[in-house]
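*Asks:* Right, I'll just put the structure down here and ask away after.
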Amino acid sequence: MDSAKTVRQLQQEVGDHIGQFKEGYFSPLAMMARLTEELGELAREINHYYGEKPKKQTEKEKTVDEEIGDVLFVLICLANSLNIDLQDSHDMVMEKFRTRDKDRWTRK
């Protein structure tokens, strides 16, 4: 397993991987459809492990962490294709939570 990577390093790694193929990234709309598909698969796994819907004996064994990885990969592809720096996006959202929502929940 690799050592911890920054978000920018993850984006670079995905960019390098996709960059070796002539086809490049899918269109944003196609990636949105793929992201939706992967989120559905993650939801299904969560439901199997933590919900009321157990897996059928014929269903392939997958894990929640595998499905989260798939979601992350497609999200990075979408961000890269739109030239969005996910670290900047994260920082912007965290600032919003630190200011706008700072008193929204009960602190420990």
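*Asks:* Of the residues L78, L82, which single one is surrounded by 11 or more Cβ atoms within 10 Å (Cβ to Cβ), of a type outside the set (S, T, Y) and touching a residue at least 12 places away in the same chain (Cβ under 8 Å)? Explain how you work it out, then say what you get.
*Replies:* Details: L82 fails: surrounded by 11 or more Cβ atoms within 10 Å (Cβ to Cβ).
On inspection, the qualifying residue turns out to be L78.
*Asks:* Just the residues that are closer than 20 Å to I76 by Cβ and among the β-branched types (V, I, T), please, taken from region 18-51.
*Replies:* I18, T36 - these are the residues of region 18-51 that are closer than 20 Å to I76 by Cβ and among the β-branched types (V, I, T).
*Asks:* So T6 ticks every box in (1) exposed (fewer than 11 other Cβ atoms within 10 Å of the Cβ); (2) farther than 20 Å from N83 by Cβ; (3) among the hydroxyl-bearing types (S, T, Y) but one. Which box is left unticked?
*Replies:* The number of the failed condition is (2).
*Asks:* Taking the stated definitions as given, is P28 in contact (Cβ under 8 Å) with a residue 40 or more places away in the chain and exposed (fewer than 15 other Cβ atoms within 10 Å of the Cβ)? Break it down into steps so the answer makes sense when it comes.
*Replies:* Numbers: in contact (Cβ under 8 Å) with a residue 40 or more places away in the chain: yes; exposed (fewer than 15 other Cβ atoms within 10 Å of the Cβ): yes.
So P28 passes the test.
*Asks:* Anything in region 48-60 that is surrounded by fewer than 15 Cβ atoms within 10 Å (Cβ to Cβ) and either closer than 28 Å to A30 by Cβ or in contact (Cβ under 8 Å) with a residue 24 or more places away in the chain (or both)? List them, or say none. Give the derivation first.
*Replies:* We begin by selecting, within region 48-60, every residue surrounded by fewer than 15 Cβ atoms within 10 Å (Cβ to Cβ); these are 49-60.
Answer for region 48-60, where residues must be surrounded by fewer than 15 Cβ atoms within 10 Å (Cβ to Cβ) and either closer than 28 Å to A30 by Cβ or in contact (Cβ under 8 Å) with a residue 24 or more places away in the chain (or both): E59, K60.
Values quoted throughout were computed directly from the atomic coordinates according to the rules given, and no laboratory measurement underlies them. Everything numeric here is computed off the predicted structure, so don't read it as measured data. Note that we place each Cβ from the backbone using ideal geometry, even for glycine, and neighbour counts take in every protein chain shown.
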